[in-house]
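Written out below as structure tokens is the structure these notes cover.
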Amino acid sequence: MKKPDPDAFSRALVGVSAGMVMMAVAEALAALLRFRVGPLGAVAELIRDLAPSDAVKGFISLVGAWDKPLLIAAVVLGALAVSASAGFLRWGALVLVGLGGVGSWAVLAEAGRAGESGTAPLASLVPPVVASAVGVACFQLLREARADAVDRAGRRRFLRIAALVGLGAGAAALGGRWWGRARRSVEEVRARLRLDVSAGRVPAGAELDVEGLGPWRVPGDRFYRIDTAFSVPLIDPDDWELRIHGMVDRTLTLSFEDLLARERTEAWATLACVSNEVGGNLIGNAWWSGTRVADLLAEAGVDPDADAVLQTSSDGWTCGTPIEALTDERDALVAYAMNGEPLPIEHGFPVRMIVPGLYGYVSATKWVVDLEVTRFADIEAYWTRRGWSERGPIKTQSRVLVPSSRDTPGAGEVVIAGDAWAQRTGIDGVEIQVDGGDWLRCDLAQVPNRDTWVQWSRAVHLAAGDHVVVVRATDRTGQTQTSTRVGVVPDGATGWDEARFTVRSREA
Ligand SMILES: Nc1nc2c(c(=O)[nH]1)N[C@H]1C(S)=C(S)[C@@H](COP(=O)(O)O)O[C@H]1N2
Ligand SMILES: [Mo]
């Protein structure tokens, strides 16, 4: 057998050390920012999503609950093997930059799955990008030290630097563990919580069998996420309290247990963001379980002169909600479960507000801790201070989701499908217009109530070539969506969504 080549060993050492630093720094930063997953976990999730679903099922049936740790271990080993190769290449630093690129792609895909907008994807890039820079710097340092290692002293210096870099990687990894502990412990508390709620199965007939549409009920980890929290609040339910005060007869202070002990109400509701552009995806539908706000306010005894509730989250975000929306017959909830499970941390664990019919920025406080009964004239909230409207009822909207601009259906019968919503009122009808022709009525799926989105579809005959489909919805008061295009500021977008796609010819 050949003796190991010391030259190859030191080259591999340069690459592997830099790769270790990179991974440790990336994970530590993600833990510091309290992200749900770091870049390594995001790569594992990306592999799971890109792999054929049969392969994923086979793998899970083979290894059971070990799927995630095994996949992450494979990602780490793979990344170390690739970093080792960097030590042998003239432009090895580029290999590390490439690894950082894969990590960036994965975290963006993760952010995209959650439908984040604006700043969040940029924040998610901080760990992979900073880690790449640190990794490349270590790589160059080690590579130069190795090139200078022509004598005994030089070799010693090289080994000393390699050891220091290794120590740095270890320290970053430990730091990451330490910073991650608060998130892990709340994650564990959440996993152990057994709430007496129902699972919220999708009602029969609500989900159309059209590929590219849905799901009608959006799982928590795919639900759009919007908040100003740079690092997500971590709250142990045992430490949580809700104070209801202000213009009331008696201040109410509720623990998590107090809340669970109250009568439980469960409802389907579609939550939408005021920043959702026409055709946008800042909207989701879920099964919420909680206590009716109306009952709690009645318990506190509301002063008849009050017209608003100022809601505050544990991180100081605020919104003002009309008191009638919290006290009328709708199921405005102090919610503790989403789709039959404790709220995901990103969606407000342990408790958030859900008010059907109002945009999130005036109603849906996550990590809620304070409800002050007050008057609109006396308050300013986070977004109203920044030029958004005081009132934010959700506007009637509809979207074409199928075909998407990437689809190229074959000529002949083509299924057009999408969804529409008019919370509080309900959708009466949806029509599409193909290539400027007549408006065609679409088939509507069933809905359990008027506060959820409804799926629709319609098959049309289309020849090969480019097409444009416009959609509009009419609510149950007979109001048809306005075609006037307005932007999202100050109280939500209006206008008709349209889809442009190409139909290919069937022959040849
Ligand atoms: N604490 C807190 N709650 C918040 C926000 C926020 O920034 N902080 N954003 C609101 C906005 S603008 C929306 S659209 C919804 C989004 O809820 P989701 O992230 O669960 O989809 O949360 C609302 N609740
Ligand atoms: Mo929002």
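Please go through region 202-231 and give me each residue that is charged (D, E, K, R) and near ligand 1 (Cβ under 10 Å from one of its atoms), ordered by number. Don't jump to the end; show me each part of the working.
Taking region 202-231 first, the residues charged (D, E, K, R) are 207, 209, 211, 217, 221-222, 225, 227.
Answer for region 202-231, where residues must be charged (D, E, K, R) and near ligand 1 (Cβ under 10 Å from one of its atoms): Arg225, Asp227.
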Determine whether region 296-312 contains at least one residue that is of a type in the set (A, V, I, L, M, F, W, C), crowded, with 18+ Cβ neighbours inside 10 Å, within 16 Å of ligand 2 (Cβ to nearest atom) and within 19 Å of Ser389 (Cα to Cα).
-> no
Where residues in region 300-330 are touching a Phe, Trp or Tyr at 6+ places or on another chain (Cβ under 8 Å) and assigned to a loop (DSSP other than H, G, I, E, B), which of them is farthest from Val197 (Cα to Cα)?
-> Asp307
Test Glu257 against the criterion of being farther than 22 Å from Gly487 by Cβ, part of a loop (DSSP other than H, G, I, E, B) and away from ligand 2 (no atom under 16 Å from the Cβ), and give yes or no.
-> no
Hey, among Ser289, Ser255, which residue is at pLDDT 95 or above, farther than 24 Å from Trp388 by Cβ and crowded, with 17+ Cβ neighbours inside 10 Å?
-> Ser289
Give region 207-231 a look and list any residue that's surrounded by 14 or more Cβ atoms within 10 Å (Cβ to Cβ) and within 16 Å of ligand 2 (Cβ to nearest atom), or say none.
-> Val218, Phe223, Tyr224, Arg225, Ile226, Asp227, Ala229
Residues that are near ligand 2 (Cβ under 9 Å from one of its atoms) and in contact with a strand residue (DSSP E or B) (Cβ under 9 Å, 6 or more places away or on another chain), drawn from region 272-282 = Ala272, Cys273, Asn276, Leu282
Just name the residue that is nearest to Thr452 (Cα to Cα) out of those in region 340-369 that are more than 11 Å from ligand 1 (Cβ to nearest atom) and surrounded by fewer than 21 Cβ atoms within 10 Å (Cβ to Cβ).
-> Gly340
Could you figure out which of (1) over 30 Å from Asn449 (Cβ atoms); (2) under 20 Å from the mean Cα position of the chain (by Cα); (3) at pLDDT 95 or above; (4) not small (Gly, Ala, Ser) isn't true of Val136?
-> (2)
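Taking only region 260-279 into account, find how many residues are assigned to a strand (DSSP E or B) and touching a helix residue (DSSP H, G or I) at 6+ places or on another chain (Cβ under 8 Å). Steps first, answer last, please.
Taking region 260-279 and keeping what is assigned to a strand (DSSP E or B), we get 265-272.
Cutting the leftovers down to touching a helix residue (DSSP H, G or I) at 6+ places or on another chain (Cβ under 8 Å) gives us 271-272.
The number of residues fulfilling the criteria is 2.
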Among all residue pairs at least 6 apart or on different chains, which show Cβ distances below 8 Å where the first residue, located in region 212-241, is within 20 Å of Val107 (Cβ to Cβ) and the second is among the polar types (S, T, N, Q) and within 15 Å of ligand 1 (Cβ to nearest atom)?
-> Pro219/Asn339; Gly220/Asn339; Tyr224/Ser117; Tyr224/Asn281; Ile226/Ser117; Ile226/Ser275
Are there any strands (runs of 3 or more DSSP E) wholly within region 426-508 with 1 or more residues that are surrounded by fewer than 15 Cβ atoms within 10 Å (Cβ to Cβ), and if so which?
-> 439-441, 454-462, 465-475, 498-503
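The values are calculated or read from the model by the stated rules, or taken from the named source; none is laboratory data. Keep in mind that this is a model prediction, so the values were computed, not measured. Here the Cβ is made from the backbone with ideal geometry for all residues, glycine too, and neighbour counts use every protein chain on show.
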